[in-house]
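Written below as structure tokens is the structure these notes are about.
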Amino acid sequence: MGAQQAFQWAVSYPQFCDHIVATSGTAKTYGHGMVRLEGQIAALTADDAFQNGDYKTEPQKGIEAFAVVWTGWLYSQEWWRKELWRDPAKPNLTLEQVLNDYRKNFIPGADANDLILQMRTWEHHDVGATPGFNGDVTKALASIKTPILYMPSATDLYFPVGDAQFEAAYIPGVVLLPIPSLWGHTAGAGSSPADEKFLNDRISKFLK
């Protein structure tokens, strides 16, 4: 939730930062994002072992179901169609193996209640809820004084580029620069060499 935190800093402490770069995230979690997160929570808590959160051992089936749902939103549809999951070092790798690895190892050592609390935190993120803005996200965005380089992933299913375009219209002097990538949400972390180069080049230029 790094981009969300960066936007909050920009609103809460308008004189503190010299520059802010926000990748693959928005200043508010909108309805569709909440529905997605609730779907992931529902998959996790459907495991009988969850015991309404009072489990003695991790609800492993629930965590695995959560991981599969999450994985479906992680990359773009075209990323899957073009099979960009393929690894030259593993020529015999199959989609079934890839999906099973995400199911079993998406977040090693994950705790179910911790995951739920993280998702609830994500759901409640809204800079408009900052004291003084009365829930008005556009008013909060308009108050930002820090130069912001806003870099959504062009194929992010978590934070659609349309949400970024909506928010950018209210941020004074923002530089909106979508990352041209098929790597979905992960493009914001430079998951491919092309994404990494794009980020490094544009961020370096912005900070100079």
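The values are calculated or read from the model by the stated rules, or taken from the named source; none is laboratory data. Keep in mind that what you see is a predicted model, and the values were worked out from it rather than measured. Using ideal geometry, Cβ is built from the backbone for each residue, glycine included, and neighbour counts are taken over all protein chains shown.
Say whether the condition of being under 21 Å from GLN15 (Cα atoms) and in a helix (DSSP H, G or I) is met by at least one residue in the range 181-204. Looking for residues that are under 21 Å from GLN15 (Cα atoms) and in a helix (DSSP H, G or I), one finds at least one in the range 181-204, hence yes.
When you scan the range 101-130, how many residues do you find that are touching a Ser or Thr at 6+ places or on another chain (Cβ under 9 Å) and not small (Gly, Ala, Ser)?
At the first step, the residues of the range 101-130 found to be touching a Ser or Thr at 6+ places or on another chain (Cβ under 9 Å) are 102-103, 106, 112, 116, 122-128, 130.
Still in the running and not small (Gly, Ala, Ser): 102-103, 106, 116, 122-127, 130.
Adding up the residues that qualify gives 11.
Close Cβ contacts (under 6 Å, 6 or more residues apart or on different chains) running from residues in the range 133-161 that are closer than 20 Å to ALA194 by Cβ and assigned to a helix (DSSP H, G or I) to residues that are modelled with pLDDT of 95 or more and not acidic (Asp, Glu) comprise VAL161/PRO152; VAL161/ALA154; VAL161/PRO178.
For the range 106-122, a tally of residues being surrounded by fewer than 12 Cβ atoms within 10 Å (Cβ to Cβ) and at pLDDT 95 or above returns 2.
Kindly indicate the residue of the range 153-191 that is more than 23 Å from LEU141 (Cα to Cα) and surrounded by fewer than 17 Cβ atoms within 10 Å (Cβ to Cβ) and also nearest to the chain's Cα centre (by Cα) among those meeting that condition.
Let us first name the residues in the range 153-191 that are more than 23 Å from LEU141 (Cα to Cα), namely 155, 180-184, 186-187, 189-191.
With surrounded by fewer than 17 Cβ atoms within 10 Å (Cβ to Cβ) added as a condition, the list becomes 180, 189.
Working: PRO180: 16, ALA189: 10 Å.
Across the range 153-191, the extreme among qualifying residues is ALA189.
Tell me whether the range 76-84 contains one or more residues that are surrounded by 14 or more Cβ atoms within 10 Å (Cβ to Cβ), in a helix (DSSP H, G or I) and out of contact with any Pro (no Cβ under 9 Å at 6 or more places or on another chain). Yes: the range 76-84 contains one or more residues that are surrounded by 14 or more Cβ atoms within 10 Å (Cβ to Cβ), in a helix (DSSP H, G or I) and out of contact with any Pro (no Cβ under 9 Å at 6 or more places or on another chain).
From the list GLY31, GLY62, GLY132, GLY25, which residue is under 28 Å from TRP9 (Cα atoms), over 17 Å from the mean Cα position of the chain (by Cα) and modelled with pLDDT of 95 or more? Break it down stepwise before answering.
Values: GLY31 fails: over 17 Å from the mean Cα position of the chain (by Cα); GLY62 fails: under 28 Å from TRP9 (Cα atoms); GLY25 fails: over 17 Å from the mean Cα position of the chain (by Cα).
GLY132 is the lone residue from the list that is under 28 Å from TRP9 (Cα atoms), over 17 Å from the mean Cα position of the chain (by Cα) and modelled with pLDDT of 95 or more.
From the residues in the range 192-208 that are charged (D, E, K, R) and either surrounded by fewer than 16 Cβ atoms within 10 Å (Cβ to Cβ) or in contact with a Phe, Trp or Tyr (Cβ under 9 Å, 6 or more places away or on another chain) (or both), which one is farthest from LYS82 (Cα to Cα)?
The initial filter retains those residues of the range 192-208 that are charged (D, E, K, R), namely 195-197, 201-202, 205, 208.
If we keep only those that are either surrounded by fewer than 16 Cβ atoms within 10 Å (Cβ to Cβ) or in contact with a Phe, Trp or Tyr (Cβ under 9 Å, 6 or more places away or on another chain) (or both) too, we end up with 195-197, 201, 205, 208.
On the way: ASP195: 17, GLU196: 20, LYS197: 21, ASP201: 26, LYS205: 32, LYS208: 36 Å.
So, considering only residues that are charged (D, E, K, R) and either surrounded by fewer than 16 Cβ atoms within 10 Å (Cβ to Cβ) or in contact with a Phe, Trp or Tyr (Cβ under 9 Å, 6 or more places away or on another chain) (or both), the one farthest from LYS82 (Cα to Cα) is LYS208.
Pairs are defined by a Cβ separation below 6 Å, a sequence spacing of at least 6 or placement on different chains, a first member in the range 101-123 that is at negative phi, and a second member that is loosely packed, with under 12 Cβ neighbours inside 10 Å and among the acidic types (Asp, Glu); no pair meets this definition. Looking across the range 96-120, just one residue is charged (D, E, K, R) and in a loop (DSSP other than H, G, I, E, B), and that is ASP111.
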